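The values are calculated or read from the model by the stated rules, or taken from the named source; none is laboratory data. Please read all numbers here as calculations on a predicted model, not as lab measurements. We place every Cβ from the backbone using ideal geometry, glycine too, and count neighbours over all the protein chains shown. To get the accessible areas, we keep the full protein, side chains included, count just its heavy atoms, and leave off ligands, DNA and RNA. Shrake-Rupley method; radii C 1.70, N 1.55, O 1.52, S 1.80 Å.
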Amino acid sequence: MLWNDLETELARRESLNLRRVLRTVPDGVVDLASNDYLGLATHTEVRAAAAEAAEKFGGSARASRLVSGNYSLIAELEDALAAFKHTESALVFSSGYAANLGVIAALGDSQTALFCHKRNHASLVDACRLASVSGAKLRFYVTSAKLVSLLETSDAERKIAVADGVFSMDGDLLDLPETLEIIRKYDAYLILDDAHGTGTLGASGRGIGEHFGLHDERIIWVGTLSKALGSQGGFVAGKRVLIDFLMNAARPFVYSTGLNPAAAGAALKALELIQREPQRLEKCRENSRILGAKLRSLGFEALNQPSPILPVIVGESDKALQLSKQLELRGFWCPAIRFPTVPRGKARLRLTASAVWESELLGRIEAAFDEVRRSIGSHSV
Ligand SMILES: *Cc1c(COP(=O)(O)O)cnc(C)c1O
């Protein structure tokens with residue numbers, strides 16, 4: 001029976017230390033793993049804006065946007081997102097995942113070749129696979145040299161590279177200057193998913209484009225409302241004609257209920273706060289730098305990245321699980337990230353810096369890692 005097969009598969013995963021279970025962060029335990037980089041999800045004004053939107057527009061958009069689920073607050077949010085990203089227009093989806101499926105499957109027709117970076121987020125990979133089912137050519141690359149050779153030999157009418165701005169498990173950035181040069185040279189386009197860069201990179205949090213001082217209408221921006229913006233949902237930003245096309249052709253937009261009003265209210269307020277209080281961004285970066293340096297001085301392989309993502313590479317899954325458990329006993333929540341999310345033998349703790357950490361807390365995190373290092377033996381880190 002199917003159920004027996006599923007039991008067997010789960011047992012197999014369990015025996016490899018790869019079975020996942022859902023847990024909630026216990027009261028009093030400090031969350032070191034959330035993507036709420038600026039602490040906006042629980043900000044008083046963000047919560048109030050969410051409540052107010054729910055009060056005014058209800059618990060649901062009640063229909064697809066094209067039917068009757070459109071309401072003034074979403075349009076306001078889209079205008080604010082377009083202004084924030086310096087694009088003509090923006091379109092909101094119910095998640096970042098849905099935004100990627102929407103834009104990539106809509107653009108990836110049989111005249112299109114998609115060049116997908118191998119370290120891309122699962123939603124980009126899934127979206128490219130979906131497009132390939134309906135005829136798009138799909139190739140994967142890692143190095144820029146490979147991207148160049150794929151573009152050079154492609155005979156597709158439309159060529160689109162697809163990449164993360166910030167690689168979510170390593171925290172490093174796409175080499176945007178180089179990628180953009182290649183894109184221009186080969187008359188291609190770039191779908192750039194800046195889920196982790198939105199609200200964290202650049203002087204005013206506009207993302208990887210601002211970080212490198214680059215903008216180009218060949219870039220199709222994707223972002224999420226669910227990370228630094230402390231809400232839920234996703235968006236695509238770019239040329240007006242692109243957005244008008246997606247409204248017609250992006251199936252997760254057309255066939256899904258409009259963004260929840262509370263999420264729209266929260267995201268709009270978060271965008272306002274990021275612009276009103278830019279010191280949050282700097283604080284987040286500073287905390288990431290400080291904690292990374294502390295962990296490295298304890299002997300941990302904490303990667304030094306320009307994003308708030310602070311991966312601590314541990315190696316084997318069981319060791320990462322053990323470390324995570326030991327940290328939890330000391331009041332810190334930091335789940336082990338394992339295969340298949342990261343390569344085998346590269347299990348890690350993926351810490352994420354927050355703007356709301358004070359130096360006293362940084363000291364306590366350091367002390368906990370120091371103790372844990374001893375408890376599992378220093379040879380293992
Ligand atoms: C988190 C993430 C997403 C998914 O966004 P959601 O809004 O959580 O669905 C997409 N792309 C990247 C790179 C991400 O890190």
Note to self: Take D126 and A33, extend 7 Å from each Cα along the Cα→Cβ direction, and tell me the distance between the two endpoints in nm.
What the structure shows: 1.9
Notebook entry, point to check: Ignoring ligands, DNA and RNA, what accessible area per residue does the chain give at 1.4 Å, in Å²?
Noted result: 45
Next item on the list: Provide the net charge surrounding R139, with neighbours chosen by a C-beta distance below 13 Å and charges set as Lys +1, Arg +1, Asp -1, Glu -1.
Entry: +3
Next item on the list: Express the carbon and sulfur contribution to the solvent-accessible surface of the chain as a percent, rounded to the nearest whole number, probe 1.4 angstrom.
Entry: 51
Checklist line | Inter-probe distance in nm under a simple model that places probes 7 Å from Cα toward Cβ, at N304 and A83 | finding: 3.9
Next item on the list: Extending each Cα 7 Å along its Cβ direction at E157 and V67, get the distance between those two points in nm, one decimal.
Entry: 3.3
Next item on the list: Assuming R0 = 56 Å, can you tell me the calculated FRET efficiency for the pair A48 and V241, based on Cβ-Cβ distance, to the nearest 0.05?
Entry: 0.95
Notebook entry, point to check: For the modelled label position 7 Å from the Cα of S110 along Cα-to-Cβ, which residues of the stretch 145-166 have backbone nitrogen atoms closer than 18 Å?
Noted result: 155-159
Next item on the list: Enter the per residue convex hull volume of the chain, computed from alpha-carbon coordinates, in Å³ rounded to the nearest integer.
Entry: 159
Notebook entry, point to check: Can you list the lysines whose alpha carbon sits under 17 Å from that of K283, skipping same-chain ones fewer than 8 residues off?
Noted result: K227, K294
Checklist line | Whichever aspartates and glutamates have a C-alpha closer than 15 Å to that of K159, once near sequence neighbours (fewer than 8 apart) are set aside | finding: D109, E181, D187, E217
Check: So how much slack lies between A11 and E217, counting 0.36 nm per residue of separation and subtracting their Cα-Cα distance, in nm?
Finding: 69.2 nm
Notebook entry, point to check: What FRET efficiency would be calculated for the residue pair K118, R276, taking the C-beta separation as r and a Förster radius of 45 Å, to the nearest 0.05?
Noted result: 0.70
Next item on the list: May I ask you to compute the full-extension gain from T24 to K185, defined as 0.36 nm times their residue separation minus their alpha-carbon distance, rounded to one decimal in nm?
Entry: 53.1 nm
Check: Just for the chain, what percent of DSSP beta bridges are antiparallel, to the closest 5?
Finding: 50
Check: Taking the highest mean first, how do the peptides 313-325, 83-95, 1-13, 231-243 order by number of other beta carbon atoms within 10 angstrom per residue?
Finding: 231-243, 83-95, 313-325, 1-13
Checklist line | Charge sum, other residues only, whose C-beta stays under 10 Å from A82's C-beta, Lys/Arg counted +1 and Asp/Glu -1 | finding: -1
